[in-house]
Amino acid sequence: MPTAEAPSTTETGPVSSAANESDADHLLVGLNEAQHRAVTAETTPLAILAGPGSGKTRVLTRRIAWRTLTGAEDPRRALALTFTRKAAGELRARLRRLGLRDQVAAGTFHAVAYAQLRAFWRDRDLPEPELIDRKVPLVTKLIPRDSRSTDALDVVSEIEWAKARRIRPEAYPAEAEAQRREPPLPLPTVARIYREYEELKVDRRLVDFDDLLDQCARLVRSDRAFGDAQRWRFRHLYVDEFQDVNPLQFALLTAWLGGSSDLCVVGDPNQAIYGWNGADADYLIRFGTHFRDAQVVELNRNYRSTPQILSTAAAVLVGEEPMEAYRPGGTKPSISEHADDQVEALAIARRAREVKGPDGRWSDQAILVRTNAQADPIAAALRDADIPVHTRAGSGLLDRADVRATLRDLSTGSRPLVEQLADLTTPPPEGDSSEEVRDTAREAAYAGLQHLAEEYLALDPAGTGRGFAAWVASQARSSTGPGDDSVEVATFHAAKGMEWPVVHVAGLESGLVPIAHARDPEAVAEERRLLYVALTRAKDNLYCSWAAERRFANRTSNRNPSPWLENLAEAIEGLERPLQPRDQGSRARTARQRTGRTPLPDTPGIAALREWRKTAARAADVPAYVIFNNTTLETLLERRPATRADLLEISGIGPVKADRYGEALLDLLAGLN
């Protein structure tokens, strides 16, 4: 059981003081109105809808710090759930910089569940099942012999999708058919493999990552002592990237809450890109339905990208307006066509060198593609041009022999981990005990191991070295080497949460964007959001490209541009002339005021025009602002044009738009009071 509260705290958190209140005030400095409201809101449950570049992590960490320093909660009883270890580490680091002395526990759903289950097994002297970190070897043996050439990874993905959606093997065929899943084997065959896989785990006392979530949720609900202990330990719950939560994770979250309303989530429905893997953005979209008396705060001001990039990116979201830009105007994005993928890769390499110039950094640029297969020729072209390149397929922490040896030593005993932290410092290389020969990569790897130990102890203060070693093995592999000055090549999915001054988005072709297997409306909508995520990674410059011919394995195919390139091109064409260096200084303030203008007034006339614009945008399959921007709507209401000639006098309405929308628009305006 956790130790008793320190004398300086109450049951609800640290005793508030004038000093704490004063310390809290600095957390509100520099926040805009919506961010201020999100940080200080007293109502829970709370959902913060945070678009890209809107200061999501800043608001989340300041809210935790604000509630701590004002006495609303005890940081030792707070749990922040993230989807990657990196995000958890960044969150804890920011909280330390904000002055929180007590450690806030942060980790992935799987990491927290595993730590709690290990404590349960340990306290009750129960044998611990072995955790499977690779399903493929087990599943391959269950695939029919005449289908062994089938990619077992696809079957594993189906099993993981079903478990994330809480679908049992017997229900899998009907659910998979309803969701238009297309596994490499017949649905009944996949269901049989799924059932036998589950039975095999029981026979061999094995568990997989999804079992950790399911078993933890069941125990929290069924074992009163265990459930009460977890809810006592973590009373204030925060969830990052809530649009990516799947039904299994949601079930665990509600079990941890146990009816409590002390929940704050952050997410963006427009960045929901993991539906194919079981995620369900409905938990965020209809937050007020899932949690009674909830409050929702929307952060719609973007601090990352130029207005030109935001307007271009919004062109793929049907009926959506661009985020409000904080930054002044910049250069227009561009779209280029190339004869084939090799020519495209060479052109990207040349542009990357031109953009860098003599004084720039390679690490300021990223090249984003839809699939991993597209990354190889681009990376090869960069290397041929002597441009340093980094891909997401770097070696992981557990690939290092010295780290594995340290973890083996820790796993041989049952001493508390807190007593063994000194063992996690960087050991000297074999054969040389000199402190001076330690290399940077080793230092970085062991620093990463130390961070993992801190994360584990925050989740399980009584954890042992043996438990820590098993827990580390359960975590997703990630690159831990030192950062270098290189161009990043990554998929759209891998780029989520990242940003670069310069982004090249390559391979924008039909069959890739959207991906060929996205056929139903929901899958296509997710592909739109995925492209939106890729485009909004850019801060200053955005370059888009596609190839008329592409090689796949040993065959070459003719390609067509992505159907959404036309939307992007039209949006780019409608952008204002970019600010030139000579007048940046004099016009920057005006541009910032223009892009940061207040929303349209809430009047019946404006409401009618916006509703008409939304309907027209959906019919044309373009974003709303492509029809008419806000300034044009306001001018229409002010001038009340009565003829086509009157329409043509309004900025933003040319002959094409007058012909296309004029009659309906004039009828609408005539009917307004």
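In terms of solvent-accessible area of protein heavy atoms at a 1.4 angstrom probe, what is the ranking of Trp66, Trp256, highest value first?
If we order Trp66, Trp256 from most to least accessible, we get Trp66, Trp256.
The modelled label-to-label distance between Thr631 and Leu126, using points 7 Å beyond Cα along the C-beta direction, is 6.5 nm. For the listed residue pairs Lys135/Lys539; Lys86/Lys135; Lys56/Lys135; Lys356/Lys614, the alpha carbons are over 32 angstrom apart in Lys135/Lys539; Lys56/Lys135; Lys356/Lys614. Note on Leu153 and Val29: with the Förster distance fixed at 56 Å, the Cβ-Cβ geometry gives a FRET efficiency of about 0.70. The residues of segment 40-90 have, on average, 27 Å² of accessible surface per residue, using a 1.4 Å probe with all protein chains present. Just the protein heavy atoms count here, and of the accessible area of segment 29-69 at 1.4 Å, carbon and sulfur take up 49 percent.
If the chain linking Thr43 and Ala620 were pulled fully straight, counting 0.36 nm for each residue of separation and taking away their Cα-Cα distance, it would gain 203.7 nm. Across q = 0.17, 0.26, 0.29, 0.34 Å⁻¹, segment 309-350 modelled as identical point scatterers on its alpha-carbon atoms has Debye log10 I(q)/I(0) values of -0.67, -0.88, -0.97, -1.16, in the order of the q list. Among the listed pairs Lys332/Lys657; Lys201/Lys496; Lys332/Lys496, give every one whose C-alpha distance is greater than 25 Å. Exceeds cut-off: Lys201/Lys496.
Most tightly packed first, judged by the mean number of other beta-carbon atoms within 10 Å of their residues, the peptides 628-636, 330-338 read 628-636, 330-338. Computed over segment 184-316, the Cα gyration tensor eigenvalues convert (square root of 5λ each) into semi-axes of 33, 25, 12 Å, ordered from largest to smallest. Along segment 603-612 the Karplus relation, 6.51 cos²θ - 1.76 cosθ + 1.60 evaluated at θ = phi - 60°, assigns HN-Hα couplings of 10, x, x, 5, 4, 5, 5, 5, 5, 4 Hz to successive residues, with x for each Gly and Pro.
The orientation-averaged projection of the convex hull spanning the C-alpha atoms of segment 289-373 amounts to 9.7 square nanometres. Put simply, when 259-265, 202-208 are sorted by average Cβ atoms within 10 angstrom per residue, most first, you get 259-265, 202-208. Per-atom-type breakdown for segment 282-393 gives carbon and sulfur 45% of the accessible area (1.4 Å probe, protein chains only).
Per-residue surface analysis assigns Arg415 an accessible area of about 110 Å², computed on protein heavy atoms at 1.4 Å probe radius.
Given a 1.4 angstrom probe, what's the average accessible area per residue across segment 157-223, in square angstrom?
51
When peptides 357-364, 288-295, 521-528 are ranked by their average number of other Cβ atoms within 10 Å per residue, the highest-first order is 521-528, 288-295, 357-364.
With the dipole of segment 225-325 worked out from charges on the C-beta (+1 for Lys and Arg, -1 for Asp and Glu) around the Cα centre, which of Tyr303, Gly278, Pro247 lies farthest toward the positive end? The listed residue farthest towards the positive side: Pro247. Please compute the modelled spin-label separation between Asp485 and Leu421, points set 7 Å along Cα→Cβ, answer in nm with one decimal. Using points 7 Å along Cα→Cβ, the separation is 3.6 nm.
Excluding ligands, DNA and RNA, the accessible surface per residue across segment 266-326 is 38 Å² with a 1.4 Å probe. Extending 7 Å from the Cα toward the beta-carbon at both Glu170 and Leu668 defines two label points whose distance is 5.4 nm.
The values are calculated or read from the model by the stated rules, or taken from the named source; none is laboratory data. Values in this document were obtained by computation on a predicted structure and should not be read as measured data. FYI the Cβ positions are ideal-geometry reconstructions off the backbone, even for glycines, and counts take in every protein chain you see. The accessibility values were calculated without ligands, DNA or RNA, using every heavy atom of the protein model including side chains. Shrake-Rupley method; radii C 1.70, N 1.55, O 1.52, S 1.80 Å.
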